[in-house]
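Structure, as structure tokens:
The values are calculated or read from the model by the stated rules, or taken from the named source; none is laboratory data. This is a predicted model, so every value here is computed, not measured. Methodologically, a virtual Cβ is constructed for each residue, glycine included, from the backbone with ideal geometry; neighbour enumeration extends over all protein chains shown. Please note that ligands, DNA and RNA were not included when accessible areas were found on the heavy atoms of the full protein model with its side chains. Shrake-Rupley method; radii C 1.70, N 1.55, O 1.52, S 1.80 Å.
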There are 2 protein chains.
Amino acid sequence: VPRPDWEQLVEATLLGQHRALARLVTRVENREPGWQEAMKRLYPHTGNSRVIGITGSPGAGKSSLTNRLAAEFAARGHKVGIIAVDPSSPFSGGALLGDRLRMRDVALTENVYIRSMATRGSLGGLCQGARDVSRILDAAGHDLVLVETVGVGQDEIEIVKAADLVAVLCVPGQGDGVQALKAGVMEIADLFVINKADRAGADDVWNDISAMLALADGGDAADTMIFRTDALSGKGVPDLANALQQRLVDLLDKSEHRSMQLRNEIMLIAERELTHRLRQRISTNGQLDQAVEQITSRLSDPYSAAEALIAQLGIMEITDE
Amino acid sequence: VPRPDWEQLVEATLLGQHRALARLVTRVENREPGWQEAMKRLYPHTGNSRVIGITGSPGAGKSSLTNRLAAEFAARGHKVGIIAVDPSSPFSGGALLGDRLRMRDVALTENVYIRSMATRGSLGGLCQGARDVSRILDAAGHDLVLVETVGVGQDEIEIVKAADLVAVLCVPGQGDGVQALKAGVMEIADLFVINKADRAGADDVWNDISAMLALADGGDAADTMIFRTDALSGKGVPDLANALQQRLVDLLDKSEHRSMQLRNEIMLIAERELTHRLRQRISTNGQLDQAVEQITSRLSDPYSAAEALIAQLGIMEITDE
């Protein structure tokens, strides 16, 4: 069987075929030549899905809750895509012991499709990668995309910022975890979920979040913003699903939000392309090695070397005209 | 009092004056015009410090242990700089409730200087920022720099990768936390520290790490790689300090490692500069807004818009000649 070409993959993806979708995502993730044309081909078929970001500290039960929510939405007639972003090694590109990572493409049911992504590769790449996958899922007919990620690093925050809605998971008995999370994600949370809410300490978490919310906006938003679930039993999940759906409806005409996201995305794509061109050129000449030698003997410094690289690459200085 | 110029700040920093050092770091972090020249001026005075990265899950006691270690090294005659990298909001640039963040510049003792950095700003910027601060501390006479960061996101991993040595903190009773950490930091850990080692479950953590180490290299490295401390009482800290010092001595001739770090750094600086030029230009013309309009009406797509940006910015395509 010959390797399918981009056009075949795009056509089959638009028909919602999981196998083609998986291959297309992999090729786009790997930036195989032609990926941009494929994305351009898909683009007119996008714009029909909404993206919900789900984030929280390690061990908060993000995967379980995401899977539960997906099943709930599927039962309500949605076609759901899950993008699971796992922190993993920058070296091996995979976890040492992490079954989840091996499960890169799984169709949970006919209407729930999961894609796992490792946080490997260059800085800033993961966020655009998640956006591309989200868009491919959109073009393949998924009207809801759940993006699940650990909510601590800058990369992860960038990813959830690209969502239409953000749910932040907290869990009783992780006082420090909530502490660490809140600084980074408080402002981007549309709602909070206390998972494992049957555990002792759930009320304390509720009070903590409530106090932070009051501090942030002075009002009393806690009642409409904090939900309790138990992902293992499914308790509280239908109520959470109702709230998310209602908010997505409220969002429909928030075009300002979408414009800002698009602006960010165009910049990110352009920046990655510039970086790519730089790296491509560097790998084929010995300039970098010479620079390192000179810097090591303190005849030069990294700042001058970087300037020389840019100058020599034929990239013109941008002036104000 | 007139605002000191770069040259005055550089001179005073080289003399080890804390106030000048703090101001210089702030200006370099903010990329005020002239920062590159200042760094070039400092560069010949660097190369005398070693950098130890300290990372671990939220709540593992990184700050306490880092402060203890710093005091221990200071008592042994070292001049120690601490760079504390806190995850914080991409929006406000600061934590809502985080006293640590407000403590941006504190001299603990004559020989221990702390600088906190927030994880704000653009992707990839934090890592270079930490490197710049580390270099300024070096030029100011600190022969040991401890970089403390939460070890989950890609950014944080990049930061510790830039260190000469990496210590990973684990803590009993955070099973899931260790699980989440290990994927990202296992390969970059030079040693592991079980903090709060008097707590129940410390042996379980030891066994977990030991098992992972055996799996990774097949040998029995646990005895030389895992340490136990209690940062609050200081127990175990002198032994840990001994081990770190010994490893730094062993590292002295690892020039290959340093070369790789330099290569990475030059690339990062060049990439940031390209991004900076792109953003500078974009902010002064309406091209981006027009593109967003066209994309929203599906007449264009983000990929084509990014290409157009690059083309219009006068940045030449890099060919293989």
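Only protein heavy atoms count here; under a 1.4 Å probe, residue A:223 has an accessible surface of about 110 Å².
Taking θ as phi - 60° and the Karplus parameters 6.51, -1.76 and 1.60, the scalar couplings of the range B:194-207 work out to 8, 8, 6, 6, 7, 6, 4, x, 4, 5, 4, 4, 4, 5 Hz in sequence order, x denoting glycine and proline.
Near the amide H of residue B:235, within less than 5 Å, lie the amide hydrogens of B:230, all on another chain or at least 5 residues away, with H placed in the peptide plane. Evaluating 6.51 cos²θ - 1.76 cosθ + 1.60 at θ = phi - 60° for every residue in the range B:134-142, the Karplus couplings come out as 4, 5, 5, 4, 4, 4, 7, x, 7 Hz, glycine and proline recorded as x.
Report the accessible surface area buried between chains A and B, summing both sides, using a 1.4 Å probe on protein heavy atoms only, in Å² rounded to the nearest 100. Mind showing how you got there, number by number?
Working: alone 17520 and 17560 Å², together 26610 Å².
When A and B are taken together, about 8500 Å² of accessible area is lost.
For the range A:32-60, accessible area lost to neighbouring protein chains reaches 40 Å² or more, against the chain alone with a 1.4 Å probe, at A:40, A:43, A:58.
Sorted on the mean count of surrounding Cβ atoms within 10 Å across their residues, most packed first, peptides B:141-149, B:242-250 read B:141-149, B:242-250. Give the long-range amide H neighbours of residue B:76: residues separated by 5 or more places, or on another chain, with amide H under 5 Å away, using H modelled in the peptide plane at 1.01 Å from N. Under 5 Å from the amide H of residue B:76 lies no amide H from a residue far enough along the sequence or on another chain. Residue B:116 sits with roughly 0 Å² accessible to a 1.4 Å probe, with DNA, RNA and ligands left out of the calculation.
Could you quote the convex hull projected area for the range A:1-84, Cα atoms only and averaged over all directions, in nm²?
Numbers: hull surface 29.0 nm².
Projected area, direction-averaged: 7.3 nm².
Given an 8 Å cut-off on Cα distances and at least 6 residues of separation, report the relative contact order of the range B:1-80 as a percent.
It rounds to 19 percent for the range B:1-80.
Backbone geometry of the range A:65-70 corresponds, through the Karplus equation with coefficients 6.51, -1.76 and 1.60 at θ = phi - 60°, to 3J(HN,Hα) couplings of 5, 4, 5, 4, 4, 4 Hz, x marking Gly and Pro.
Partner chain Cβ atoms within 10 Å, averaged over the residues of B:131-137 - can you pull that number for me?
Going residue by residue through B:131-137 and averaging, the value is 1.
Accessible surface of residue B:277 in the full protein assembly, 1.4 angstrom probe, to the nearest 10 Å²? Counting only protein heavy atoms, the figure is 30 Å².
The amide H of residue B:53, built 1.01 Å from its N in the peptide plane, has B:147, B:164, B:165, B:166, B:167 as neighbours under 5 Å, considering only residues 5 or more places off or on other chains.
For peptide B:273-280, the mean count of partner chain Cβ atoms within 10 Å of a residue's Cβ comes to 6. Among the listed pairs B:79/B:235; A:235/B:196; A:161/B:40; A:40/A:196, those whose Cα-Cα separation exceeds 31 Å are A:235/B:196; A:161/B:40; A:40/A:196.
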